[in-house]
Amino acid sequence: MFKAKDLPETIAIFPLPGALLLPRSRLPLHLFEPRYLAMFDDCLKTPARMIGMIQPFDGPNGESSLHSIGCAGRVTAFSETEDGRYMITLSGISRFRVVDEVEGFTPYRRCKVNWEGFDRDLGPTEHDTQFDRKSFLSSLERYFDDQGLKTDWESLQEAEDELLINSLSMLCPFDAEDKQALLEAPSLTTRRETLMTLIEFAMRGGSGEEVMQ
């Protein structure tokens, strides 16, 4: 388990719209662009083997900006294809706040980051003491039917609170701003509440942008 003192001050950044990584969760990624292949090669040379996932957005002048909060993951598995692409797995370690973007000669983006305020990310598995699993799964089943999605309901019923809520937050087809809201939720309970709001609004035919305003 990582300790706060082991977290690096500067990390490589992978700005991927709609891709959400949460602490103690796993995110599979397919790397094929040259700049991200270079990022991965450099990442493996560092002790932490850490990559920061963050949501990009278009700034006022059309430039690619970054949200202030992302989540860093450690490369815990990878395989290389015959044509030089990588399939990797990031295991979520902790959220971070961007302090400043680092200028340099790498083809990928790097940021100086601050880890303060996310202590619970390095702690034990969270539990949602207010979680009504039966009602939650009933709403989820209607949402999946509405969206034409399929899942293993038996596994969902048996999953621990954190695994269930975080996995659904990562996998449900919400837009990037909604994913950001789920990332920034301060606790598992508030993430579950945000998730339910998004699910219920989607079933009423609304957009996530309206929900989060």
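The values are calculated or read from the model by the stated rules, or taken from the named source; none is laboratory data. Quantities reported herein were computed from a predicted structural model and do not represent experimental measurements. Cβ placement follows ideal geometry from the backbone for every residue including glycine, while neighbour counts extend to all protein chains displayed.
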Subject >> Looking only at the stretch 93-118, and only at residues there that are of a type in the set (D, E, K, R) and under 17 Å from the mean Cα position of the chain (by Cα), the one that is farthest from ARG26 (Cα to Cα) >> reply: ARG97
Original post:
Is it the case that the stretch 120-137 has a residue that's closer than 28 Å to GLU63 by Cα, of a type in the set (Val, Ile, Thr) and within 18 Å of the chain's Cα centre (by Cα)?
Top reply: no
Original post:
Got a sec? Which of LEU66, LEU27 is under 23 Å from LEU122 (Cβ atoms) and modelled with pLDDT under 95?
Top reply: LEU66
Subject >> Test: residue in the stretch 19-29 that is touching a residue at least 60 places away in the same chain (Cβ under 8 Å), of a type in the set (Lys, Arg) and within 21 Å of PRO173 (Cα to Cα) >> reply: yes
**OP:** Go through the stretch 173-202 and give me each residue that's in a loop (DSSP other than H, G, I, E, B) and of a type in the set (A, V, I, L, M).
**Re:** ALA185
**OP:** Could you grab me the full set of residues in the stretch 1-38 that are part of a strand (DSSP E or B) and under 17 Å from VAL98 (Cβ atoms)?
**Re:** THR10, ILE11, ALA12, ILE13, PHE14, PRO15
Original post:
Out of curiosity, is THR125 more than 19 Å from ILE69 (Cα to Cα) and either in contact (Cβ under 8 Å) with a residue 60 or more places away in the chain or among the charged types (D, E, K, R) (or both)?
Top reply: yes
Subject >> Filtered residue count, the stretch 137-187, keeping only those that are of a type in the set (Lys, Arg) and either in the same structural domain as SER68 (by TED's automatic domain parsing) or farther than 18 Å from THR197 by Cα (or both) >> reply: 1
**OP:** Sort out for me the strands (runs of 3 or more DSSP E) sitting completely within the stretch 39-100 that have 3 or more residues that are surrounded by 15 or more Cβ atoms within 10 Å (Cβ to Cβ).
**Re:** 50-54, 69-80
**OP:** For the stretch 72-91, state whether one or more residues are among the acidic types (Asp, Glu) and under 28 Å from ALA185 (Cα atoms).
**Re:** no
